[in-house]
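Below: one structure, written as structure tokens.
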Amino acid sequence: MAWSAARRWRDAVHGRVVFTNGVFDLLHPGHIDVITAARSRGDALVVAINTDASVRRLKGPDRPVHPEADRAYVLAALEAVDAVVLFAEDTPLEAILALRPDVLVKGGDYTMESVVGAREVRGWGGEVAIIPLTPDHSTTATIERLRAES
């Protein structure tokens, strides 16, 4: 979704727009818990995912496991998700500024101070929510376990 299209989509939504982002490489219960909690905070949920190039810069040459088109397809199929957007930058700030969500949601591995876009969202009257992590669910840990077992 081009950022101008994101703005048009945002303007067409009646109610609170919620935004979350991440890699969402190997979808697991922790991801679903964050997505479900995010959706419960508004009327429409936009999930932004890092492009493959962005993931490689952030997590190394062996990631992502699944290409961006597959990750977007899986997320878009979830009932809680209203739109999926890709971002090529290392952070989702440009997407957040374009969409201007009412609520910004991140998982519990973040603090209010480390959430990209939190200052901006609060600045236009929005809110920021951090969802506690689901214990024992991590894509990185799953990949490491699979490598150790092979």
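Here the residues D33, D70, D11, ranked from fewest to most Cβ neighbours within 10 Å of their Cβ, fall in the order D11, D70, D33. Taking other C-beta atoms within 10 angstrom as a stand-in for reagent exposure, S54, S114, S150 fall in the order S150, S114, S54, fewest first. The structure shown yields mean projected area of the Cα convex hull in nm², and of the options [x] 10.4; [y] 8.7; [z] 18.2 that calculated value carries the label [y].
Loop-located GluC sites (Glu not before Pro) in the stretch 1-100 (DSSP state not H, G, I, E or B) with no more than 11 neighbouring Cβ atoms inside 10 Å: E79.
Scalar couplings 3J(HN,Hα) for the stretch 21-31, obtained by applying the Karplus form with A = 6.51, B = -1.76, C = 1.60 to θ = phi - 60°, are 8, x, 7, 6, 6, 10, 4, 9, x, x, 4 Hz; x denotes Gly and Pro. Taking other Cβ atoms within 10 Å as a rough exposure proxy, V74, V84 sort from fewest to most as V74, V84.
The numbers here are math on the coordinates, done by the rules we state, and not lab data. Keep in mind the model is a prediction, meaning the values are calculated, not measured. For neighbour counting, all protein chains shown are included, and Cβ atoms are generated from backbone atoms with ideal geometry for every residue, glycine included.
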